[in-house]
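A short worksheet on the structure shown next.
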Amino acid sequence: MNQTPLLRRTLAFALSLGVFFSIPGPWSFTPALEAASSSASARLIRSLKAQIATLKKQLAAAKATPPPFIEMVKVGNRGNVTDAGNGSVLGAVRYDYQIGKYEVTLAQYAAFLNAVAKTDSFGLFNPNMETIANVAGIDQSGSPGNFNYAVIGTGSRPVAFVSWFDAARFCNWLHNGRPTGLQTGSTTEAGAYSLNGATIENFDVWRNPGAKYWIPSEDEWYKAAYHQPSGGGLGGPSDDYWLYPTGSDAIPGNLSGTAANQANFSTTVLSVTQSNQYGMDVNYLADRGSYSGSASYYGTYDQGGNLWEWNEVVIERAVDDYVRGFRGGSWDNLETTLRSTFRTGDVPETETPFVGFRVAGP
Ligand SMILES: [Ca+2]
Ligand SMILES: [Ca+2]
Ligand SMILES: [Ca+2]
């Protein structure tokens with residue numbers, strides 16, 4: 001073949017990209033090519049180069065697919081034992097599942113509100129999301145039927161002032177494919193949980209079979225936070241469970257950044273400001289994953305601190321005392337609340353600047 005060195009290099013490059021045979025074109029490897037004039041070769045080279053450039057752009061675009069709306073991590077090691085070393089019956093999960101890498105963020109919750117809370121029938125928005133500067137938040141504008149929502153500041157901080165029911169509705173919305181519309185059975189009221197307008201205590205709500213997103217069970221949340229096998233060279237403590245969700249049995253610090261065993265909770269100083277002075281106008285929430293050296297074994301961030309996180313468990317169940325669990329402590333709490341041994345909760349309609357949530361899935 002009388003191809004020029006440049007043409008050979010170009011063809012070799014096309015082959016190395018694995019795209020050679022997908023290049024459409026008016027050319028082919030026939031004896032006619034050998035007879036082509038040098039100007040024809042030059043045209044061919046230009047054409048090939050242009051096609052390769054187009055293909056490279058298409059490849060890059062294919063690789064740069066946007067991240068999923070909710071980033072999840074896999075929690076394997078199904079059939080693990082409970083945290084018996086702590087005298088706990090929690091932590092054993094018989095199946096593989098996924099859990100949110102981060103708490104649900106303001107940006108995600110604002111997208112939810114813009115999709116299904118133009119008319120906010122079931123109170124997904126709480127005005128405190130806008131006005132309580134410590135955790136703000138989300139701004140609501142417009143009027144009923146035309147509400148609009150915008151993130152205040154960075155949207156990577158977690159959303160607070162959400163009830164257990166708000167979290168359940170968010171899961172339904174994800175389950176239903178993030179639809180837009182009124183708060184109905186096809187958007188927020190059915191799917192992972194059959195809510196049908198429920199917003200207050202003393203109402204039985206359980207995860208439906210086939211749910212695609214849900215509020216983690218207490219065991220699912222606990223395992224993702226504290227479990228790390230000791231066997232098989234997997235590096236966990238002898239009883240397979242850490243005391244803190246930062247992969248440690250030692251009391252964490254509260255410095256953001258790459259240092260190990262850190263979280264957004266309160267020591268003698270508040271984490272975000274590193275000051276012991278509380279300020280009403282200060283936002284004390286950290287962007288998701290800010291304590292980047294402190295992931296759990298399964299790769300979750302901020303299970304300890306930032307905000308407490310709702311789980312599915314019913315801790316108390318009486319007519320006037322119906323309590324759902326949350327775990328992990330918040331920006332305003334001490335390290336003891338981050339521990340696996342610290343279990344608490346509140347009536348499920350409670351909305352505070354200390355409690356948010358993350359989602360789980362199959
Ligand atoms: Ca609400
Ligand atoms: Ca342990
Ligand atoms: Ca948290």
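Sort out which residues of the stretch 46-99 are in contact with a Ser or Thr (Cβ under 7 Å, 6 or more places away or on another chain) and either in a loop (DSSP other than H, G, I, E, B) or closer than 21 Å to P216 by Cβ (or both), and write them in order of number. Don't jump to the end; show me each part of the working.
Initial filter on the stretch 46-99 (in contact with a Ser or Thr (Cβ under 7 Å, 6 or more places away or on another chain)): 48-49, 73, 82-83, 86, 88-92, 99.
Within the stretch 46-99, V73, T82, D83, N86, S88, V89, L90, G91, A92, I99 qualify.
Identify all residues within the stretch 249-282 that are away from ligand 3 (no atom under 16 Å from the Cβ) and either in contact (Cβ under 8 Å) with a residue 60 or more places away in the chain or among the polar types (S, T, N, Q) (or both); write none if there are none.
Once the filter is applied, which keeps residues that are away from ligand 3 (no atom under 16 Å from the Cβ) and either in contact (Cβ under 8 Å) with a residue 60 or more places away in the chain or among the polar types (S, T, N, Q) (or both), the stretch 249-282 yields I251, T258, T267, T268, T273, Q274, S275, N276, Q277, M280, D281, V282.
Does any residue of the stretch 311-331 turn out to be outside the structural domain of Q98 (by TED's automatic domain parsing), hydroxyl-bearing (S, T, Y), in a loop (DSSP other than H, G, I, E, B) and more than 18 Å from K223 (Cα to Cα)? Before the answer, list the steps.
At the first step, the residues of the stretch 311-331 found to be outside the structural domain of Q98 (by TED's automatic domain parsing) are none.
No, the conditions are met nowhere in the stretch 311-331.
Do you know which residues across the stretch 188-232 are in a loop (DSSP other than H, G, I, E, B) and touching a Phe, Trp or Tyr at 6+ places or on another chain (Cβ under 6 Å)?
Taking the stretch 188-232 and keeping what is in a loop (DSSP other than H, G, I, E, B), we get 188-192, 194-206, 208-213, 215-217, 228-230.
Those that are in a loop (DSSP other than H, G, I, E, B) and touching a Phe, Trp or Tyr at 6+ places or on another chain (Cβ under 6 Å): T188, A192, T199, E201, N202, V205, I215, Q228.
Mind checking which residues of the stretch 209-238 are surrounded by 14 or more Cβ atoms within 10 Å (Cβ to Cβ) and more than 23 Å from G356 (Cβ to Cβ)? Spell out how you get there, then give the answer.
Taking the stretch 209-238 first, the residues surrounded by 14 or more Cβ atoms within 10 Å (Cβ to Cβ) are 211-229, 236-237.
Correct list: Q228, P229, G236, P237.
Quick test for you: out of G329, G356, pick the one residue that is closer than 19 Å to N172 by Cα, touching a residue at least 24 places away in the same chain (Cβ under 8 Å) and in contact with a Leu (Cβ under 9 Å, 6 or more places away or on another chain).
Details: G329 fails: closer than 19 Å to N172 by Cα.
Exactly one residue qualifies, and that residue is G356.
Here is a yes/no grid of residues against (1) over 30 Å from D120 (Cβ atoms); (2) over 23 Å from the mean Cα position of the chain (by Cα):
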| position | (1), (2) |
| --- | --- |
| G210 | no, no |
| Y213 | no, no |
| A224 | yes, no |
| S230 | yes, yes |
| P237 | yes, yes |
| Y244 | yes, no |
| D249 | yes, yes |
| S266 | yes, yes |
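Looking at R317, R339, R358, R343, can you tell me which residue is more than 16 Å from ligand 1 (Cβ to nearest atom), buried (at least 22 other Cβ atoms within 10 Å of the Cβ) and among the basic types (K, R)? Lay out the reasoning, then the answer.
Numbers: R317 fails: buried (at least 22 other Cβ atoms within 10 Å of the Cβ); R339 fails: buried (at least 22 other Cβ atoms within 10 Å of the Cβ); R343 fails: buried (at least 22 other Cβ atoms within 10 Å of the Cβ).
So the residue among R317, R339, R358, R343 that is more than 16 Å from ligand 1 (Cβ to nearest atom), buried (at least 22 other Cβ atoms within 10 Å of the Cβ) and among the basic types (K, R) is R358.
Between A133, A160, which is within 12 Å of ligand 1 (Cβ to nearest atom), in contact (Cβ under 8 Å) with a residue 24 or more places away in the chain and not in a helix (DSSP H, G or I)? Step through it out loud before you land on a result.
Numbers: A133 fails: within 12 Å of ligand 1 (Cβ to nearest atom).
It is A160.
For S238, state whether it is more than 16 Å from ligand 2 (Cβ to nearest atom), among the polar types (S, T, N, Q) and touching a residue at least 60 places away in the same chain (Cβ under 8 Å).
Numbers: more than 16 Å from ligand 2 (Cβ to nearest atom): no; among the polar types (S, T, N, Q): yes; touching a residue at least 60 places away in the same chain (Cβ under 8 Å): yes.
No, not satisfied.
Go through the residues of the stretch 264-278 one by one and say whether even a single one is in contact with a Gly (Cβ under 8 Å, 6 or more places away or on another chain) and either more than 21 Å from S156 (Cβ to Cβ) or among the basic types (K, R) (or both).
Yes: the stretch 264-278 contains one or more residues that are in contact with a Gly (Cβ under 8 Å, 6 or more places away or on another chain) and either more than 21 Å from S156 (Cβ to Cβ) or among the basic types (K, R) (or both).
Can you tell me which residue in the stretch 233-246 is nearest to ligand 1 (Cβ to nearest atom), limited to those that are in a loop (DSSP other than H, G, I, E, B) and of a type in the set (G, A, S)? First the steps, then the outcome.
From the stretch 233-246, those in a loop (DSSP other than H, G, I, E, B) are 234-240, 242-243, 245-246; that's our starting set.
Now narrow it down to the ones that are of a type in the set (G, A, S): 235-236, 238.
Working: G235: 40, G236: 38, S238: 43 Å.
My answer is G236.
The values are calculated or read from the model by the stated rules, or taken from the named source; none is laboratory data. Fair warning: this is a prediction, and the values are worked out from it, not measured in the lab. With ideal geometry, Cβ positions are generated from the backbone for all residues, glycine too; neighbour counts draw on all protein chains shown.
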